[in-house]
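The values are calculated or read from the model by the stated rules, or taken from the named source; none is laboratory data. All figures in this text were calculated on a predicted structure; none of them were measured in a lab. Don't worry about glycine lacking a Cβ; one is built from the backbone with ideal geometry, like all the others, and counts go over all protein chains shown.
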Amino acid sequence: MTNHHDNEMVSLKEITYKPVNHEFRIQELKPNSTKKRDTFFLYFSVLTVNLLMIVNGSSLVWTSPVIPQLESTNPEINPLGEKITTFQISILVGLPSLFTIFGSFFFGKLPDVIGRKNTLICISLGTFLSNVAVAFGKHIYLYYAGRSIANLCLGLLFVVLPIYLNEICEDHNRAKHGCLMMFFLPFGSLYGYLLGPITSIKLFTLLCAAPLIPQLIFLWLLIPETPVYTASKGEKGATMKILRKLRSNKTDYEIREDYNQIEAMLKANSKADRGGFKNIFETRASRKGFIVGLGCCLSIHMSGVPVIMGFLGPIFNDAGTNLSGNMVAILVGCVKLLFFFVTITIVGRFGRRPLLLLSSIGTAIPLGVLAVHFYLNSIHSPMIVNIRWLPVACVLIYIAIYSLGLGSIATSLLTELFPNNVRAIATSVIMTIGNTLLLLLTTGFPIVSHFLGVHYCIGIFSVSCVFSFIFIYYMLPETKGKSTLEIQEILSK
């Protein structure tokens, strides 16, 4: 009887603790299975760095209220003194997108060289100074230069900010704070939509940069480097100090275990050379992660939202609706902000994959209807008179569904797909490819819309959303509640 009982206990111990794969052993023995509330300092850190996303959001929609003012012949409204041409509009929108590519491509290694925190400081300073230059500019070429430098900095932002948030968070709260990053983007867009129509271009541009002032002060004096970065540099004392600040609700034992888990993750990735482009494709997990990450990133741009948001004012001024373009933009900003907040509250329950699937197929339908409406409007169909409300309803539904997944989850998902040694370079390459596509879309949109009609562009975006659904359905695994090593194990299969 006793022997039988002892044998059972031995068997149970073997089932519970014996690792399936030695490389991922640390994940079988996670010390902190009990989730604790996030600390105030963690929230403060997340909020501070995300002030950059507010500025980025207002920068993305800067052209929507500004272009109508630049098209005015009134020198009190238009600081350039003469009406801007279609070609100049295309350059003003497209050239900064080109510099967004430079930011992510040429400076993608910067977070690994000078650290995540110092990279964020450089982005903030560059963005602030370029906005000041545009605000006081009197010539279109200064607009080109200032907007391009701002986008150079903001192109790097989408590389380093997801990494920073990923590395200061834990497995159980990583998704929430990753989506919170994307919540501040529509908040900034709404901020821009509200202020743009009622202020001069000079004041509007300065107000867009204003959140960077407290952000720079807090980031310089209070916000720490990430514990993963300091640990990768062998700074154990600094790493423990940072962990105690971010996770002050934990005991010393739990903090030491968290440090051990970070160290184990770094050791698991130490076999690979650090940071080279070729390292992205060394393992099956990294190769698949790159394909999945790239597909999700391209899905954001091909949904059309990054392009349409920048042209909402001009588009709806010519759409024959009962609302002005600026009013539609404000409504869109409110809806986008609301549904990004909804995503933050439900992503932990439903996971990334279901929300991305819903978002990708859900955006295709209102886009298709919107394309038909703009086609009917272009041929002056009498049906338009009775359905002037339709484009506004379609764009609000479109933005709401986009915000539930593609807009809020896809970007933050990138850093989850790669181990620490290739995270920065892989994210940089993906963002560079995505920004190249965005350059083509933003530069071509006003030209194609002018010659073929806006319905043609919107129809392409609708079809693209269907392809995004197919890609996500077959390629994207669920990463909810999983650590970096667990995700790598899933991708390696």
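Applying the selection to the range 254-269, what residues are free of Cβ contacts under 8 Å to residues at least 40 places away in the same chain and among the charged types (D, E, K, R)? Of everything in the range 254-269, those that are free of Cβ contacts under 8 Å to residues at least 40 places away in the same chain and among the charged types (D, E, K, R) turn out to be ARG256, GLU263, LYS267.
Working carefully through the options VAL372, VAL422, find the one that is more than 30 Å from PHE184 (Cβ to Cβ) and either crowded, with 24+ Cβ neighbours inside 10 Å or modelled with pLDDT of 85 or more (or both). I'd like the intermediate steps shown before the answer.
Values: VAL422 fails: more than 30 Å from PHE184 (Cβ to Cβ).
Exactly one residue qualifies, and that residue is VAL372.
Scanning the range 468-490 for residues that are of a type in the set (A, V, I, L, M, F, W, C) and part of a helix (DSSP H, G or I) turns up PHE469, ILE470, PHE471, ILE472, MET475, LEU485, ILE487, ILE490. Return yes when CYS169 is in contact (Cβ under 8 Å) with a residue 12 or more places away in the chain and under 21 Å from ILE91 (Cα atoms) and no when it is not. So CYS169 fails the test.
Can you go through LEU440, LEU452, LEU414, LEU485 and tell me which one is under 21 Å from MET53 (Cα atoms), out of contact with any Lys or Arg (no Cβ under 7 Å at 6 or more places or on another chain) and hydrophobic (A, V, I, L, M, F, W, C)?
None of the others qualify; the one that does is LEU414.
Against the criterion of being among the aliphatic types (A, V, I, L, M) and touching a Leu at 6+ places or on another chain (Cβ under 9 Å), LEU129 does not qualify. Looking only at the range 219-243, count every residue that is in a helix (DSSP H, G or I) and surrounded by fewer than 16 Cβ atoms within 10 Å (Cβ to Cβ) and tell me the total. Residues that pass the stated criteria total 5.
Out of everything in the range 33-59 that is hydrophobic (A, V, I, L, M, F, W, C) and surrounded by fewer than 21 Cβ atoms within 10 Å (Cβ to Cβ), what residue ends up being nearest to ILE315 (Cα to Cα)?
Looking at residues that are hydrophobic (A, V, I, L, M, F, W, C) and surrounded by fewer than 21 Cβ atoms within 10 Å (Cβ to Cβ), I get LEU47.
Considering the range 66-80 alone, what residues qualify as being more than 31 Å from the chain's Cα centre (by Cα) and β-branched (Val, Ile, Thr)? THR73, ILE77 - these are the residues of the range 66-80 that are more than 31 Å from the chain's Cα centre (by Cα) and β-branched (Val, Ile, Thr).
Within the range 138-154, the set of residues being more than 24 Å from the chain's Cα centre (by Cα), under 18 Å from VAL55 (Cβ atoms) and at pLDDT below 90 is empty. Take the residues in the range 425-442 that are surrounded by fewer than 24 Cβ atoms within 10 Å (Cβ to Cβ) and aliphatic (A, V, I, L, M); name whichever of them is nearest to TYR164 (Cα to Cα). Per the criteria, the residue is ILE425. Note on the range 122-141: residues that are surrounded by fewer than 17 Cβ atoms within 10 Å (Cβ to Cβ) and hydroxyl-bearing (Ser, Thr, Tyr) amount to 1. Residues that are surrounded by fewer than 20 Cβ atoms within 10 Å (Cβ to Cβ), within 30 Å of ILE54 (Cα to Cα), modelled with pLDDT of 75 or more and within 23 Å of the chain's Cα centre (by Cα) are absent from the range 377-393 altogether.
Residues that are under 23 Å from the mean Cα position of the chain (by Cα), within 30 Å of ASN260 (Cα to Cα) and crowded, with 18+ Cβ neighbours inside 10 Å: does the range 458-466 have at least one?
no
Here ILE490 meets the list (1) out of contact with any Gly (no Cβ under 9 Å at 6 or more places or on another chain); (2) closer than 25 Å to ILE168 by Cα; (3) modelled with pLDDT under 80 almost entirely, failing just condition (3).
Considering the conditions (1) under 30 Å from SER148 (Cβ atoms); (2) surrounded by 20 or more Cβ atoms within 10 Å (Cβ to Cβ); (3) without any contact (Cβ under 8 Å) to a residue 60 or more places away in the chain, PHE445 is excluded by exactly one of them, (3). In the range 391-442, the residue that is nearest to TYR375 (Cα to Cα) out of those that are aliphatic (A, V, I, L, M) and assigned to a loop (DSSP other than H, G, I, E, B) is LEU406. Would the range 384-391 turn up any residue that is among the polar types (S, T, N, Q) and either in contact with an Asp or Glu (Cβ under 6 Å, 6 or more places away or on another chain) or without any contact (Cβ under 8 Å) to a residue 24 or more places away in the chain (or both)? Within the range 384-391, one or more residues are among the polar types (S, T, N, Q) and either in contact with an Asp or Glu (Cβ under 6 Å, 6 or more places away or on another chain) or without any contact (Cβ under 8 Å) to a residue 24 or more places away in the chain (or both). Here VAL113 clears all of (1) over 24 Å from LEU266 (Cα atoms); (2) without any contact (Cβ under 8 Å) to a residue 12 or more places away in the chain; (3) not polar (S, T, N, Q) except the condition numbered (1).
Here is the figure for the range 338-352: residues that are aliphatic (A, V, I, L, M) and at pLDDT below 80 total 3. Within the set PRO68, PRO79, the sole residue that is touching a residue at least 12 places away in the same chain (Cβ under 8 Å), in contact with a Lys or Arg (Cβ under 8 Å, 6 or more places away or on another chain) and either more than 16 Å from LEU212 (Cα to Cα) or crowded, with 18+ Cβ neighbours inside 10 Å (or both) turns out to be PRO79. Quick one: is HIS172 out of contact with any Lys or Arg (no Cβ under 6 Å at 6 or more places or on another chain) and at pLDDT below 80? Spelling it out, it is not the case that HIS172 is out of contact with any Lys or Arg (no Cβ under 6 Å at 6 or more places or on another chain) and at pLDDT below 80. Between LEU12, LEU51, the distinction of being under 30 Å from ASN249 (Cα atoms), part of a helix (DSSP H, G or I) and either among the aliphatic types (A, V, I, L, M) or modelled with pLDDT of 85 or more (or both) belongs to LEU51 only.
Tally the residues that are assigned to a helix (DSSP H, G or I) and within 16 Å of ALA135 (Cβ to Cβ), restricting the search to the range 54-80.
8
Within the range 336-359, residues that are closer than 21 Å to MET309 by Cα and free of Cβ contacts under 8 Å to residues at least 60 places away in the same chain reach no partner that is hydroxyl-bearing (Ser, Thr, Tyr) and outside any helix (DSSP H, G or I) with beta carbons closer than 8 Å at six or more positions or on different chains.
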